[in-house]
Amino acid sequence: MYYYLGVDIGSVSSNFVLLDSRRRLSAKVYLRTQGNPVQAIKEGFAQVCAAVPGPVKIKGVGTTGSGRHLADIMLGADVVKNEITAHAVAACSLIPEVRTIIEIGGQDSKIILMRDGIVNDFAMNTVCAAGTGSFLDQQASRLSINIEDFGVRALKSNKAVRIAGRCGVFAESDMIHKQQMGYPVEDIMMGLCEALVRNYLNNVGKGKKIEAPVVFQGGVAANIGIKEAFEKVLGTAVQIPPHHEVMGAIGAAILAEEMMASNGQLTTFNGETYINGGEFTSRSHECSGCPNLCEVVCIKRDNQAIAYWGDRCKKWETSLAARLA
Amino acid sequence: MRIGIPYGLFYFYYYPLWKTFFSDLGAEVITSSPTCRLTVDAGSALAVDEACLPVKVYYGHVRELCSQDLDYLFAPRLVSVEPRSYICPKFMGIPDMLRAQVPGLPQLIDITVDLSRSDRYLQQDLIKVGRMLGYKKSAIQEAFQHALEENRRCIQIASQGWSMAEAIKIWDGNLLEPPEAGDLSIGLLGHGYSLYDEGLSMGLISKIRQLGCKVHLLESLDAERIEMEAATMPKRVFWTLGRKIMGGVINMNKREEIDGIIYLACFGCGPDSMIGEMAERYTTGKPFMLLTIDEHSGEAGMMTRLEAFCDMLRRRRRVDESQFPAYG
């Protein structure tokens, strides 16, 4: 069967999907990146291929997420796109009339306003990651609760306690205080959900006109407590797509399909033997060519350099391109 | 006589003035090298925590100049450069902060520039500087007039679409390749000392140009027009740069050829926290994006935002164009 492969390498999770030629999801894989994107890409690719019956033929590859360039090097992507565009394309193909997309991932949170099927405005969190998945992850582990059970347990709360959502550090001290006062853990959890939503709306959603239909996607959408908190504040239903955690990857696959359809060329996909038949390693060094001291990353496949990045002057990048040409 | 001028803060507005003034009086002017990571690191280690990134970077440049065997370091106390408007209070304290925190500091020329009510302080200080360098009042006045003229010439160069950093290079006699014309036009605003310092802004201007955009900066707009636009605000903006930026926002918002506006803010900047917000509110007709940088920002995050912004502008335009019938 022919498929389009979509890959989203994020800070916390790495997601892979295969779409068939009619844009139906044939397989999806959600992995924790665990600080090793190279391993995650190999494993994710193997798993997603194993999830469909019969031999897998890839007709196009799209990558997105903060690790999109790494995935591009390893897989040979046809399209390398930023997360905003990928998420918007995915949400739009599922729910064409969508007007607001809330996306909360591990390190990023974004709001995308759609008008007539195109991105009209967007915002991302700035330097602070307080209102994101990693914040929730951290607080869950403080309460020694499995992040997967977080939402369901939070919903058992009768009265959420108020927790400062402005900053992760303040939230934590607030939470400890409330614990010592003897509040039930469920109430604290629901309070955390509300704090995250408040933080999101005040920071990322600041000044944006949130109109229905609202779609909520990204890893944090798995948390039913957050969904409820959003609905309570916004006063409108919040839809969670069935494959909310891999929407970025779905968007990347759709973009790859669009690209292949428009340029009529063959995919640049590297093939399974390239990916599995070699050892990918990455190494970084501080370039001493100028006082900028760029941290240059080198990706190698079996001791052969295949990519450099991080150099502001592009000295390493171009030297490799010259060598390969 | 060797006088050092740090490559930071108001360097990007007044370097031609300062350089001409001191050169005319027979001094050799030494500048620190353009901002790089070492500058940022050295500055962050030296400066008070509360300082914003451009001030920290300025410390880094002062640090570099300390080892240059200077007779004097030029670090003016900027209070106000025009009537009824002020510069951020951190600039007022620069000479004092440097003295308190930088070991091995050369002797400072810390003239007070306060033109909010009169140019009395500036005149007094200029004469003091002249005595220090062994010149008479008339020679000082002459050098100052020439310096003002040179500065105007540099601003004139910038008005042709160069950033002030590039204009200074051209003014200094360098030849620069003009940037390629792009298919998108982006209005880029922010404080000049963060925007035009490519080492500090992580090469923002060149990154936007590489994405196929023509960059419109404040200097390319008509200065009088900006003042008129800024005067339409319900209350006069207190800060000189903030007022000009707001005038620029209002003007760019009206101009059809500009597809979107990007505002570069520095984490920890007091004025930015207000001006950035107001700029967003005054941009009503087109997309606006606020970029915040600090000393540990990753370039990847900035790239993602810029790419997404350009994607959005291009897709929007495609839809706009497709609404017109092809046969005109």
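The values are calculated or read from the model by the stated rules, or taken from the named source; none is laboratory data. All values derive from a computational prediction rather than experimental measurement. Cβ placement follows ideal geometry from the backbone for every residue including glycine, while neighbour counts extend to all protein chains displayed. Ligands, DNA and RNA are excluded from the accessible area calculation, which covers all protein heavy atoms including side chains. Shrake-Rupley method; radii C 1.70, N 1.55, O 1.52, S 1.80 Å.
For the pair A:VAL233/B:ARG314, report the inter-label distance in nm, with labels modelled 7 Å from Cα in the Cβ direction.
Here the modelled spin labels are 3.4 nm apart.
Taking 8 Å as the Cα distance limit and 6 or more residues as the minimum spacing, I'd like the relative contact order of chain A as a percentage.
With pairs under 8 Å counted, the relative contact order is 20 percent.
Given the -39500 (n - 2.57) contribution per DSSP H run of 4+ residues, what per-residue ellipticity at 222 nm results for chain B, rounded to the nearest 500 deg cm²/dmol?
Helix-only estimate at 222 nm: -15500 deg cm²/dmol.
How high is the FRET efficiency between A:THR268 and A:ALA46 when r is their beta carbon distance and R₀ equals 30 Å, given to the nearest 0.05?
FRET efficiency, A:THR268 to A:ALA46: 0.90.
Hey, can you grab everything whose amide H is under 5 Å from the amide H of B:LEU264? Only 5+ residues off in sequence or another chain; H modelled, so Pro and N-termini drop out.
B:LEU189, B:GLY190, B:LEU291
Taking amide hydrogens as modeled 1.01 Å from N in the peptide plane, which residues meet the under 5 Å criterion relative to B:ILE30, leaving out close sequence neighbours?
Here B:ILE3, B:GLY4, B:ILE5 satisfy the definition.
Could you tell me the accessible area of A:ASP149 in Å² (1.4 Å probe, neighbours in place), rounded to the nearest ten?
Using a 1.4 Å probe on the heavy atoms, I get roughly 70 Å².
Step through the table entries B:LYS56/B:LYS169; A:LYS300/B:LYS286; A:LYS57/A:LYS81, compare each Cα-Cα distance with 32 Å, and write down the pairs that go over it.
The answer is A:LYS300/B:LYS286.
Roughly how far apart, in whole Å, are the Cα centres of segment A:45-92 and segment A:94-118?
19 Å
Average the reciprocal distances over every distinct pair of alpha-carbons in segment B:117-221, invert the result, and give the Kirkwood radius in Å.
Result for segment B:117-221, one decimal place: 16.0 Å.
Any chance you could look up the accessible area of A:THR268 with a 1.4 Å probe, heavy atoms only, rounded to 10 Å²?
Counting only protein heavy atoms, the figure is 80 Å².
Please list, or write none, the aspartates and glutamates whose alpha carbon is within less than 20 Å of the alpha carbon of B:LYS128, excluding same-chain residues fewer than 8 places away.
B:ASP24, B:GLU28, B:ASP71, B:ASP96, B:ASP110, B:ASP114, B:ASP119, B:GLU142
Between A:LYS314 and A:SER282, what is 0.36 nm times their sequence separation minus the Cα-Cα distance? Round to one decimal in nm.
Result: 9.7 nm gained on full extension.
Sequence neighbours fewer than 8 away in the same chain don't count; with that in mind, list the aspartates and glutamates whose C-alpha is under 19 Å from A:LYS42.
Hits, sequence-local ones excluded: A:ASP8, A:ASP72, A:ASP78, A:GLU272, A:GLU279, A:ASP302.
Order B:ILE258, A:ILE306 by their accessible area, 1.4 angstrom probe, all chains in place, largest first.
The residues order as A:ILE306, B:ILE258, largest area first.
Taking N as the number of residues in segment A:280-324, what value does Rg over Cα atoms divided by 2.2 N^0.38 Å take?
That ratio works out to 1.10.
How long are the three semi-axes of the equivalent ellipsoid for segment A:96-240, computed from the Cα gyration tensor as the root of 5 times each eigenvalue, in whole Å, largest first?
Listed largest to smallest, the semi-axes of segment A:96-240 are 27, 15, 12 Å.
Provide the FRET efficiency to the nearest 0.05 for the A:GLN304-B:LEU175 pair, computing r from the beta carbons and using R0 = 51 Å.
Rounded to the nearest 0.05, the efficiency is 0.80.
Over the protein assembly as shown, with a single point scatterer placed on each C-alpha, what log10 of the ratio I(q)/I(0) does the Debye formula yield at q = 0.06, 0.07, 0.09 1/Å?
Debye output, listed in q order: -0.39, -0.53, -0.85.
What does DSSP give for the protein assembly as shown in terms of the percent of beta bridges that are antiparallel, rounded to the nearest 5?
Antiparallel: roughly 45 percent of the beta bridges in the protein assembly as shown.
Enter the accessible area of B:CYS66 (Å², nearest 10), with the probe set to 1.4 Å and all protein chains included.
30 Å²
Taking the square root of 5 times each eigenvalue of the Cα gyration tensor, what semi-axes in Å does the equivalent ellipsoid of chain A have, largest first?
Here the semi-axes work out to 36, 24, 19 Å.
Between A:MET1 and B:ARG131, how many nm apart are label points set 7 Å from Cα along the C-beta direction?
Rounded to a tenth, the inter-label distance reads 9.0 nm.
Is any residue of segment B:56-72 close enough, with backbone N under 14 Å, to a label point placed 7 angstrom from the Cα of B:ARG2 along the Cα-Cβ axis, and if so, which?
Counting backbone N atoms under 14 Å from the label point, the list is B:64-72.
Compute the longest continuous run of chain A that contains no exposed GluC sites (Glu not before Pro); treat a site as exposed when its DSSP state is not H, G, I, E or B and it has at most 16 other Cβ atoms within 10 Å.
Longest site-free region, per DSSP loop and neighbour criteria: A:98-210.
Which percent, to the nearest 5, of DSSP beta bridges fully inside chain A are antiparallel?
In chain A, approximately 70 percent of DSSP beta bridges are antiparallel ones.
Please find the FRET efficiency linking B:GLN145 to B:MET228, where r is the Cβ-Cβ separation and R0 is fixed at 30 Å, and quote it to the nearest 0.05.
0.60
Could you order B:ARG120, A:ARG153 so the one with the most accessible surface comes first? Probe is 1.4 Å.
My answer, sorted largest first, is B:ARG120, A:ARG153.
What total accessible area, in Å², is buried where chains A and B meet, using a 1.4 Å probe and rounding to the nearest 100?
So the buried area, both faces added, is about 2300 Å².
In nm, give the distance between the simple-model label positions of B:GLN210 and A:LYS159, each being 7 Å from the Cα along the Cα-to-Cβ direction.
With each label placed 7 Å out from Cα toward Cβ, I get 5.6 nm.
Exactly which GluC sites (Glu not before Pro) in segment B:23-80 are in a DSSP loop and have at most 15 other Cβ atoms within 10 Å?
B:GLU50
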